[in-house]
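The values are calculated or read from the model by the stated rules, or taken from the named source; none is laboratory data. None of these values were measured; they are calculated from a predicted model. Here the Cβ positions follow ideal geometry from the backbone for every residue, glycine too, while neighbour counts run over all protein chains shown. Each accessible area value is taken on the protein alone, full model and side chains, heavy atoms only, with ligands, DNA and RNA left out. Shrake-Rupley method; radii C 1.70, N 1.55, O 1.52, S 1.80 Å.
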Amino acid sequence: MEYHERPASFRQARLNPFDRGEEEEGGPPGGKTPSRDELRPELFSSKSRNQSLDRAMDLGLAEDHFSRPVGSFVASDIEQLKMAIEECKRLILELPEHSERQKDTVVKLIHLRLKLQELKDPEEDEPNLRVLLEHRFSKEKSKSVKQTCDKCSTIIWGLIQTWYTCTGCYYRCHSKCLNLINKPCVRSKVSHQSEYELSICPEIGLDRQDYRCAECRMPVSLRGVPSEARQCDYTGQYYCSTCHWNDTAVIPARVIHNWEFEPRKVCRSSMRYLALMIPRPVLKLREVNPLLFNFVEELVEIRKLRQDILLMKPYFITCKEALEARLLLQLHDRQHFVENNDMYSLQDLIDISSGRLSCSLTEIHTTFAKHIKLDCDRCQAKGFVCELCKEGDILFPFDSHTSVCHDCSAVFHRDCFYDNSTTCPKCARMTERKYDDPPDPKDK
């Protein structure tokens, strides 16, 4: 390998790009400018390949690129770093693979690139909180985690760059990209429109989109010129590579109609929307697809457990010991389970499919039943005796072998009282009492 002589400005920069103190004060001691051979003789000799590699290593890395000079950087400093980076890249390719020298050169290349990035984006005092397009951007303090900017799609070097994260939708970007953002916060959409698209991949075609990205309106095509068109399986629309990173997510419409949980490719905005919506109980399965309960046995099991928990709830809200033990807080992450039995979140359906929800809910159901039937005397006193046979143990409405009157909530053995085919004794007494009591004169 032969060394090609660099321009004079480059040779001068190789001495030390930042330490120019002696030159500014009148040159070196003695007033004599040393010749180039006296300064760096190894830069101008070419004897063997090994010596050439040594020169290249020295050329690209021996300088003090990592010191912080006094004053501002000029364009020449950036150019010098770029040339040093190119030398390192060339040297990495020439050195023996997996050798120690190659590894050291890679590390130094990383440091040079970090320094170059620092020169391009000088550190400035940035506010800790900024509000843009309903985003609430918080300044990040983490320096070790590598992230990708959602605006420019480049890496965020937390060690030397200032970056922000939206506390609502987790949109991340450089501080320099904040004023370029044109996408509103997805959390505002969740707040105003808490419902899913329940049609499977409702595609409209690129022609209806005018062959442009559905979000940023950049020209796209299926041939990748000028930009690749990527379809979002949730919205059915096409997006550019900046708005669609091939992220994957479970599609609610495919779950409800096909009981399919395979993640599909979605755009960035859909990914954030689905991530924020996944714990929200907005799916009413009995209205959207009632036949699903006929084909998915796990759904029937979960529905029965939820019905039982709703029947247990009145015992807990009137029991001092249950309130102190905060038993209902065992369902704090699925609060809708103690409010109704027909609303589901997408996370519920995912956990039902995997079997996790059945195990955890069965365990909670057992704990609740044990408190009512065994541990608490007050709750036991609220049990029922079958008035039709007057035999057996104390009954509770959540027992599997009981039936409950829909009018007065009295509990009977299922064999004694089934689907209200038998007259409820308690309802009969209440009706008889109503006719026997004389009317109140004040009602006239």
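The set of residues from the stretch 405-417 being under 21 Å from LEU310 (Cβ atoms) and either without any contact (Cβ under 8 Å) to a residue 24 or more places away in the chain or in a loop (DSSP other than H, G, I, E, B) (or both) comprises CYS405, HIS406, ASP407, CYS408, SER409, ALA410, ARG414, PHE417. State whether one or more residues within the stretch 241-252 are open to solvent by 60 Å² or more (accessible area, probe 1.4 Å) and of a type in the set (Ser, Thr, Tyr). Yes - at least one qualifying residue is present in the stretch 241-252.
Within the stretch 304-317, being open to solvent by 60 Å² or more (accessible area, probe 1.4 Å) and either under 26 Å from ARG356 (Cα atoms) or in contact (Cβ under 8 Å) with a residue 60 or more places away in the chain (or both) holds for LYS304, GLN307, LEU311, LYS313. Looking only at the stretch 155-170, decide whether some residue is surrounded by 12 or more Cβ atoms within 10 Å (Cβ to Cβ), more than 24 Å from the chain's Cα centre (by Cα), assigned to a loop (DSSP other than H, G, I, E, B) and free of Cβ contacts under 8 Å to residues at least 24 places away in the same chain. Within the stretch 155-170, not a single residue is surrounded by 12 or more Cβ atoms within 10 Å (Cβ to Cβ), more than 24 Å from the chain's Cα centre (by Cα), assigned to a loop (DSSP other than H, G, I, E, B) and free of Cβ contacts under 8 Å to residues at least 24 places away in the same chain. The lone criterion from (1) at pLDDT 75 or above; (2) open to solvent by 60 Å² or more (accessible area, probe 1.4 Å); (3) of a type outside the set (Asp, Glu) left unmet by LYS139 is number (2).
For LYS151, the conditions (1) under 26 Å from ARG113 (Cβ atoms); (2) open to solvent by 50 Å² or more (accessible area, probe 1.4 Å); (3) more than 17 Å from the chain's Cα centre (by Cα) all hold with the exception of (3). Mind telling me which of the residues PHE293, PHE337 ends up being out of contact with any Phe, Trp or Tyr (no Cβ under 9 Å at 6 or more places or on another chain), over 20 Å from ASP399 (Cβ atoms) and assigned by the TED database to the domain that holds LYS370? Step by step, each of PHE293, PHE337 is checked, and only PHE293 is out of contact with any Phe, Trp or Tyr (no Cβ under 9 Å at 6 or more places or on another chain), over 20 Å from ASP399 (Cβ atoms) and assigned by the TED database to the domain that holds LYS370. The set of residues from the stretch 177-216 being closer than 18 Å to GLN147 by Cβ, among the charged types (D, E, K, R) and modelled with pLDDT of 85 or more is empty.
Is it the case that the stretch 188-197 has a residue that's touching a helix residue (DSSP H, G or I) at 6+ places or on another chain (Cβ under 6 Å) and under 21 Å from ARG272 (Cβ atoms)? Reasoning before the result, please.
Step one: of the stretch 188-197, the residues touching a helix residue (DSSP H, G or I) at 6+ places or on another chain (Cβ under 6 Å) are 190, 196.
If we keep only those that are under 21 Å from ARG272 (Cβ atoms) too, we end up with 190, 196.
Scanning the stretch 188-197 turns up at least one residue that is touching a helix residue (DSSP H, G or I) at 6+ places or on another chain (Cβ under 6 Å) and under 21 Å from ARG272 (Cβ atoms).
GLU287 meets all of the listed conditions (1) of a type in the set (Asp, Glu); (2) in contact with an Asp or Glu (Cβ under 9 Å, 6 or more places away or on another chain); (3) part of a loop (DSSP other than H, G, I, E, B) but one, namely (3). Of the residues examined, ALA214 is not one that is among the aliphatic types (A, V, I, L, M), open to solvent by less than 70 Å² (accessible area, probe 1.4 Å), not in a loop (DSSP other than H, G, I, E, B) and not assigned by the TED database to the domain that holds SER358. Within the stretch 248-271, the presence of at least one residue that is hydroxyl-bearing (Ser, Thr, Tyr), at pLDDT below 95, closer than 30 Å to ASP210 by Cβ and not assigned by the TED database to the domain that holds THR154 is confirmed. For the structure I just gave you, tell me whether GLU301 is in the same structural domain as THR242 (by the TED database) and either part of a helix (DSSP H, G or I) or open to solvent by 80 Å² or more (accessible area, probe 1.4 Å) (or both). For GLU301, the condition - in the same structural domain as THR242 (by the TED database) and either part of a helix (DSSP H, G or I) or open to solvent by 80 Å² or more (accessible area, probe 1.4 Å) (or both) - is not met.
For the stretch 198-208, indicate whether the set of residues that are surrounded by fewer than 20 Cβ atoms within 10 Å (Cβ to Cβ), touching a Phe, Trp or Tyr at 6+ places or on another chain (Cβ under 6 Å) and assigned to a loop (DSSP other than H, G, I, E, B) is non-empty. Yes, the stretch 198-208 contains at least one residue that is surrounded by fewer than 20 Cβ atoms within 10 Å (Cβ to Cβ), touching a Phe, Trp or Tyr at 6+ places or on another chain (Cβ under 6 Å) and assigned to a loop (DSSP other than H, G, I, E, B). For VAL266, the test of being of a type in the set (Val, Ile, Thr) and either open to solvent by less than 40 Å² (accessible area, probe 1.4 Å) or within 15 Å of ILE350 (Cβ to Cβ) (or both) is passed.
Within the stretch 171-183, the set of residues being open to solvent by 80 Å² or more (accessible area, probe 1.4 Å) and within 14 Å of VAL131 (Cα to Cα) comprises ASN179, LEU180, ASN182.
Among the residues in the stretch 123-131, are any outside any helix (DSSP H, G or I), open to solvent by less than 40 Å² (accessible area, probe 1.4 Å) and modelled with pLDDT of 65 or more? No, that holds for no residue.
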